[in-house]
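For reference, the structure is listed below as structure tokens.
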Amino acid sequence: EGLTPEPNLMGPVLEGLGQDAICTLNTLQTNASALEQVRRERCNPQVQLQAMRGFLERAGITVEELDHLNIIHVTGTKGKGSTCAFTEQILRSYGFCTGFYSSPHLVQVRERIRINGQPIGKELFTKYFWQVYGRLYETKDAHGGTMPAYFRFLTILAFHVFLQEKVDLAVIEVGIGGAYDCTNIIRRPWVCGISSLGIDHTQILGDTTEKIAWQKGGIFKSGVPAFTVKQPEEAMAVLKDRAKEISCPLWVCPELEDYKADCGPLHLGLAGKHQRSNASLALQLSHTWLQKRCLPGGIGSLLTILQATPFKPTPIMVKGLAETEWHGRNQTLKHGAVTYFLDGAHTMRSMQACLQWFTETAAQHERNASGPVTRVLLFNATGERDSAAMLKLLVPCHFDFAVFCPNITEAITSCNADQQNFNVSVENMLTRCLDNERSWRLHHSLGDNQGTQLLIEGGLPLISEKKADTLVFPCILSALQWITQGRDAVLAAKGVLAVKPNIAAKAALLRSAAEIHVLITGSLHLVGGALKHLDPESSK
């Protein structure tokens, strides 16, 4: 999640200092010594935090300075980003100047570092980037030529930005895990949170819920209050042991329904039932932070796991929950006759939540449609994730087409440096897409069409010519343009890519439908690449 960006691969033609900064940042993905360093440290995770401390000092930042950022530190498998978004919005609604560090980014890397809810501006990003990069580069020869890898550098940059901009608080989302994540260089957060736990990143964190819970509980600090949503019994037992071992008071959040606000049931700005537990966690985190801010010493230090008390949310808290936005998660965009349902679900549990949300939301949109609706799935999954199992969950949605493409924004040279990943080859990406297509066919009992060919006409697009219900495209733009058939003005403005006549013929259903509904899921990077095309404002 936090290690590298993924979508775009092709070499861009870049201008301006801001793009130079991002290109330089991208070199940290492929720096051979950095990659070897990460591999070495995974065998000895304790070394990671020692290395992080050294990089911080080389960048001119001390861990003591981080103590003054009034940090809220949040981890979890699912929902940690949404929890952070709710928490940041609530505290910003109180008038505090907020810093917010999250990963991955959807469209631009600046999204990861936010001041008062907005990605830092290009000028600020460029200024602070070169300050930090320059200090690290100047000292590298004295430290064996080492530079911090991509995510580690961005974490250092975020701390530098928040210190320089003098934020009142910083909401920090863990990258992967907790105990050995580079954000865990934080010594004295004001409060910690753990969202829903499940299985993900098993090569790094372990392959059982207990091992993962142990890693996540590593962000607990002695005497610092921590909150968790309800967890599976085995995970809760590990968190309880970790809290006791570290002398951390740990509370379990109540159900959202237990908070009694004057306005009645709380309304959330983020869609989906699974957001309710994230909202409850955010209420506890923000409430505890406010208590500490206004009533120093007012938080208890009991060393047992307790049921957190539901309180009466203030009108500002109610407003904050309702106004929270977190793009790419249960997001609906309507462009005329085409409606996009975007969710970056990439684990089994998050895909189940996505399925529930999509089923309910799409049904509502179909009831309001002016005529027949054609339903399309646009899917990709990356890394070690079980894409076949996720696709199996989606089969009951009765898609008319299943479309697959890699996380490449567009297969031309003028693409976005923010979405480059030099650690994955195009060939590997397309092979994964063909595997996903084959899985979908097998789930539909369509048979495994051996020897599926990628067909090229004039270099674009690469498409599977087999069954009409599945297609593979070389990039996100070509997939979206085929799906929408010129009916989305935003995409049509980009020009239409030529396809073979037999592929064009398969789109008759899309052209004749009153509306087209598209679910885009399986990867946050896929969703980010789609948003780059669908929401041009996000690229500015």
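Does at least one position in segment 182-191 carry a residue that is over 30 Å from Glu234 (Cα atoms), under 21 Å from the mean Cα position of the chain (by Cα) and at pLDDT 95 or above? Please lay out each step first, then the result.
We begin by selecting, within segment 182-191, every residue over 30 Å from Glu234 (Cα atoms); these are none.
No, every residue in segment 182-191 fails to be over 30 Å from Glu234 (Cα atoms), under 21 Å from the mean Cα position of the chain (by Cα) and at pLDDT 95 or above.
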Task: Filtered residues of segment 95-105 (kept if modelled with pLDDT of 95 or more and either outside any loop (DSSP other than H, G, I, E, B) or out of contact with any strand residue (DSSP E or B) (no Cβ under 9 Å at 6 or more places or on another chain) (or both)) - done: Gly95, Thr98, Gly99, Phe100, Tyr101
TODO: Could you list all residues from segment 61-92 that are surrounded by fewer than 22 Cβ atoms within 10 Å (Cβ to Cβ), aliphatic (A, V, I, L, M) and outside any helix (DSSP H, G or I)?
DONE: Ile61
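Quick check on my filter: what residues within segment 165-175 are open to solvent by 20 Å² or more (accessible area, probe 1.4 Å) and either touching a Cys at 6+ places or on another chain (Cβ under 6 Å) or within 22 Å of Leu25 (Cβ to Cβ) (or both)? Break it down into steps so the answer makes sense when it comes.
Just the residues of segment 165-175 that are open to solvent by 20 Å² or more (accessible area, probe 1.4 Å), to begin with: 165-166, 168.
Within segment 165-175, Glu165, Asp168 qualify.
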Task: Which numbered condition Gly95 misses (of (1) of a type in the set (Gly, Ala, Ser); (2) open to solvent by 10 Å² or more (accessible area, probe 1.4 Å); (3) under 30 Å from His143 (Cα atoms)) - done: (3)
TODO: Of the conditions (1) at pLDDT below 95; (2) touching a strand residue (DSSP E or B) at 6+ places or on another chain (Cβ under 8 Å); (3) closer than 30 Å to Val167 by Cβ, Pro225 clears all except one; give me its number.
DONE: (1)
- [ ] Go through Gly529, Gly522 for me and flag whichever is at positive phi and in the same structural domain as Ala369 (by the TED database).
- [x] Gly522
Task: Residues that are open to solvent by 10 Å² or more (accessible area, probe 1.4 Å) and out of contact with any Lys or Arg (no Cβ under 9 Å at 6 or more places or on another chain), drawn from segment 516-539 - done: His525, Lys532, Asp535, Pro536, Glu537
TODO: Scan (1) modelled with pLDDT under 95; (2) within 21 Å of Ala213 (Cα to Cα) for the single condition Leu250 breaks and write down its number.
DONE: (1)
Open item on the list: Could you list, ordered by first residue, the pairs with Cβ atoms under 7 Å in which the first is in segment 355-376 and among the polar types (S, T, N, Q) and the second is open to solvent by 70 Å² or more (accessible area, probe 1.4 Å) and in a helix (DSSP H, G or I), at least 6 apart or interchain?
Closed with: Thr374/Leu509
Open item on the list: basic (Lys, Arg) and closer than 19 Å to Leu91 by Cβ: is that true of Arg152 in this structure?
Closed with: no
Task: Hits in segment 143-164 - residues which are of a type in the set (A, V, I, L, M), open to solvent by 10 Å² or more (accessible area, probe 1.4 Å) and within 16 Å of Phe100 (Cα to Cα) - done: Leu163
Open item on the list: Looking at Gln450 and the list (1) at pLDDT below 95; (2) in the same structural domain as Thr470 (by the TED database), which single condition is not satisfied?
Closed with: (2)
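A quick yes/no check of all residues on (1) of a type in the set (A, V, I, L, M, F, W, C); (2) in contact with a strand residue (DSSP E or B) (Cβ under 6 Å, 6 or more places away or on another chain); (3) at pLDDT 70 or above; (4) part of a loop (DSSP other than H, G, I, E, B):
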position	(1), (2), (3), (4)
Ile412	yes, no, no, yes
Thr431	no, no, yes, no
Glu457	no, no, no, yes
Ala468	yes, no, no, yes
Ser478	no, no, yes, no
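If we only count helices (runs of 4 or more DSSP H) wholly inside segment 487-533, which ones have 3 or more residues that are closer than 23 Å to His365 by Cβ and over 28 Å from the mean Cα position of the chain (by Cα)? Show your work before the answer.
Details: elements: 489-492, 501-505, 508-512.
Output list reads 508-512.
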TODO: Write out, first by first residue and then by second, each pair whose Cβ atoms fall under 7 Å of each other, whose residues are 6+ apart or on separate chains, and whose first residue, in segment 383-412, is crowded, with 24+ Cβ neighbours inside 10 Å while the second is among the charged types (D, E, K, R).
DONE: Ala402/Asp469; Phe404/Glu437; Asn407/Glu6; Thr409/Lys532
Open item on the list: Quick check on segment 314-327. Is at least one of its residues crowded, with 16+ Cβ neighbours inside 10 Å, among the aromatic types (Phe, Trp, Tyr), at pLDDT 90 or above and not in a helix (DSSP H, G or I)?
Closed with: yes
Open item on the list: Within segment 344-403, take every residue that is of a type in the set (Asp, Glu) and not in a loop (DSSP other than H, G, I, E, B) and give me the one that is farthest from Lys334 (Cα to Cα).
Closed with: Glu360
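The values are calculated or read from the model by the stated rules, or taken from the named source; none is laboratory data. Everything numeric in this text was worked out from a predicted model, so none of it was measured. Note that each Cβ is placed from the backbone with ideal geometry, even for glycine, and that neighbours are counted across all protein chains shown. The protein model used for the area step is the full one, side chains on, heavy atoms only, and it has no ligands, DNA or RNA in it. Shrake-Rupley method; radii C 1.70, N 1.55, O 1.52, S 1.80 Å.
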